[in-house]
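Beneath this line is the structure, given in structure tokens, with notes to follow.
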Amino acid sequence: MEWEKILRDAVKDGSIKELHLRKVPSLKTCEDWNKVSELGLVDHKTKYAHYKGGLVKYGERLFYVSQERLDAVSPFRKWDFKTKIKITDPEVTADKK
């Protein structure tokens, strides 16, 4: 799939474009949470959604994990997010024009 290729390398130098963030799938469950590697924390509000959680890699793919899911898994796995991901190219909302 085209988006899978684009999203694989979407996080560069600790930042991701808002357009790419909106296309990142959410990781809700997986076989082994210990195989998930942390990339960075995200706290960004768009026009219709609020992304508060972390970006992770599972296998070769990039996923978003919500803060609620991180909290739910934390008794079984220690999360070690070292960086905060910066969101670039945010869309201008109508009320800010």
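The values are calculated or read from the model by the stated rules, or taken from the named source; none is laboratory data. This structure is a prediction, so every number in the text was calculated from the model and none was measured. When we count neighbours, we look across all protein chains shown, and the Cβ atoms used for this are built from the backbone with ideal geometry, even at glycine.
Quick notes
- Residue tally, condition closer than 19 Å to Trp79 by Cβ and in a strand (DSSP E or B), over segment 1-24: 1
- Any hit, segment 48-59, residues being exposed (fewer than 15 other Cβ atoms within 10 Å of the Cβ) and on the phi > 0 side of the Ramachandran plot: yes
- If you go through segment 26-35 and keep only what is loosely packed, with under 13 Cβ neighbours inside 10 Å and in contact (Cβ under 8 Å) with a residue 24 or more places away in the chain, you end up with Ser26, Lys28, Asn34, Lys35.
- Where a residue in segment 39-51 is under 15 Å from Val24 (Cβ atoms) and its partner, wherever it lies, is among the hydroxyl-bearing types (Ser, Thr, Tyr), with Cβ under 8 Å and at least six apart: Leu39/Thr83; Gly40/Thr83; Leu41/Thr83; Val42/Tyr51; Val42/Tyr64; Asp43/Tyr51; His44/Tyr51; Tyr51/Tyr64
- Residue, nearest to the chain's Cα centre (by Cα), within segment 1-21, restricted to residues that are farther than 22 Å from Lys82 by Cβ and surrounded by fewer than 12 Cβ atoms within 10 Å (Cβ to Cβ): Lys5
- In summary, Gln67 fulfils each of the numbered conditions (1) at pLDDT below 90; (2) at negative phi; (3) touching a strand residue (DSSP E or B) at 6+ places or on another chain (Cβ under 7 Å) with the single exception of condition (1).
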